[in-house]
Structure formats: C-alpha cells, structure tokens
Amino acid sequence: MSQSIRDPAGIVRAKRLPREQRRTQLLECALQVFVAKGYHGASMDDIAESAQVSKPVLYQHFPGKHELFLGLLDTHLSALEHELTQALSTAENNKDRVQATMGAFYEFISRKDEAYRLVFTSGMDNDEEVEDRLERFHDGMAGAIAEVIADDTGQPMAEATMLGHGLIGMALSAARHWSRLSERPDREVSAELTARLAWRGISGFPKESESTESTR
C-alpha cells in the first residue's frame, strides 16, 4: 500500500521512505497497474499515480516501464522458484514431491495479487529479456527435478532433465488453463488431478534398486 501525507494546501504527496522501502512500494503499485491494464496498456503515469509519487521519483528507481516490468518478473519468478524448491526438498518421497510441486504452482496462480499474469498473460512472450528470464526459470526448475529423478531412478542426467522439463511443462500448461477458466474447479482438486497424471508418468521409471532387482 502507498503511504502519503496531505500538505497544508490539501495536496496529497507521497511520504518520504527509505530507498529499498520505496522500491518495494513502487513494485507493488506497478503490479496492480500491470495486472489491471497489461504491459502495453500501462504507463509510467499510471504507476506514479497509483504510488502517489511524481514521475521523477519513479524514474529515480526505474529508468522506464520495461525495467520496472523486469524487476517485477524477477521478484515473482524468484519467489515461485523458492516455493517450488521448498516443495521438492521438504517432501519425504517422490509421490509427495510431485503433489507438493503441483500444489505450489496452483497456489501461485490463485494468489490475490494475480502476479501469475506477469508470467502467463503479459503479452511479453516475444520480448528477448523476458524470454531469457523465463527460460532460465524453466531450466533451473527442470534441473532441480532432474537431480531428484536421477538420484532415485539412476537415469542419466540428460534423460532425467528431459523428464524434468516435461513435468514443468505439464504443470505450467495445466495451471495456465485453470487460470483462464471462468468457472474453476477447486484449486486443491485441480492440483491433485495434475499431480496424479504426472505421477502416473514418472512412476513408470522404477527406482534404481527395483530396476537392478528386475535384471537379476
């Protein structure tokens, strides 16, 4: 939320904040504007007005709308990556890891701030810097999943990484579809369905110990 004061003339002005706190506030306001208007429909004027700051103050923190959007994308991709990594690391077995990972995707998409629109519906898919960030996110998460698969099944990393990308693609596609529905199935039910589908596929690759036993 923006913080403001009213001067003696009755004009509302932004309260002076420490630099990092101001940056956070500007990002929060920019997210609201981008979600409401999309990247191409939003303007720096809109964001400054939402944050109750002058445009020079806004430009002190972000050189332009593109840099502001990238800052937001970095913030929320980092948060999503943290949540997914936590899901992978805290579950006790692979079936639970799949369930937790799918749940984290749906949790992200169901958040009230609708930050998922930055990733799915911003209209910036062809922007080189946006594409690069999304690709690094996908590669990072696929690699994290691949390590778990390789450790558990003995699959070579190249093959495990293919499976990791497949699971990430499935999660993103299903969650994106869910986000577009006017009447959505329950979030937890949707996550469970997606997890069950993913698990039916990944469980077809036996644990290394089981594979060894079957060849004796």
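The values are calculated or read from the model by the stated rules, or taken from the named source; none is laboratory data. Keep in mind the model is a prediction, meaning the values are calculated, not measured. FYI the Cβ positions are ideal-geometry reconstructions off the backbone, even for glycines, and counts take in every protein chain you see. Ligands, DNA and RNA are stripped out before the accessible areas are found, and what is left, the full protein with its side chains, is counted by its heavy atoms. Shrake-Rupley method; radii C 1.70, N 1.55, O 1.52, S 1.80 Å.
Determine the dipole magnitude for the range 92-194: charges of +1 sit on the beta-carbon of Lys and Arg, -1 on that of Asp and Glu, nothing else is charged, the reference point is the Cα centre, and the result goes in debye to the nearest 20.
Using Cβ point charges on Lys, Arg, Asp and Glu, the range 92-194 gives about 400 debye.
Which of LEU172, PHE105, TYR116 sits closest to the plus end of the dipole of the chain, meaning its Cα is farthest towards the positive end, when Lys and Arg get +1 and Asp and Glu get -1 on the C-beta?
Among LEU172, PHE105, TYR116, the one farthest towards the positive end of the dipole of the chain is TYR116.
With axes computed from alpha carbons, what is the tilt in degrees of helix 65-90 against the longest principal axis of the chain, rounded to the nearest 10 within 0 to 90?
30
Kindly provide the trypsin sites (Lys or Arg not before Pro) of the range 106-203 that DSSP labels as loop, not H, G, I, E or B, and whose Cβ sees at most 16 other Cβ atoms within 10 Å.
Answer by residue number: ARG111, LYS112.
How big is the chain on each of its three principal axes, counting only the C-alpha atoms and giving the largest first in Å?
Principal-axis extents of the chain (Cα, largest first): 86, 34, 31 Å.
Explain nothing, just the number: dipole magnitude of the chain about its Cα centre with +1 on each Lys and Arg Cβ and -1 on each Asp and Glu Cβ, in debye rounded to the nearest 20.
960
Can you find, among ALA191, ALA87, VAL57, the residue sitting farthest towards the positive end of the charge dipole of the chain, where Lys and Arg contribute +1 and Asp and Glu -1 at Cβ?
My answer, from the dipole projection, is VAL57.
Taking the Cα centre of the range 71-141 as origin and charging only Cβ (+1 Lys, Arg; -1 Asp, Glu), how large is the dipole, in debye to the nearest 20?
In total the dipole reaches around 420 debye.
Tell me the carbon and sulfur percent of the accessible area for the chain, rounded to whole percent, probe radius 1.4 Å.
Using a 1.4 Å probe with all protein chains present, the chain comes out at 49 percent carbon and sulfur.
First measure r as the distance between the Cβ atoms of THR121 and ASP151, then evaluate 1/(1 + (r/R0)^6) with R0 = 30 Å and state the FRET efficiency to the nearest 0.05.
The value I calculate is 0.25.
Describe numerically, in nm with one decimal, the distance between label points set 7 Å from Cα along Cα→Cβ at ALA91 and at ASP139.
2.5
Would you kindly calculate the mean projected area, averaged across all directions, of the convex hull enclosing the Cα atoms of the range 22-128, in square nanometres?
Reported value for the Cα convex hull: 7.5 nm².
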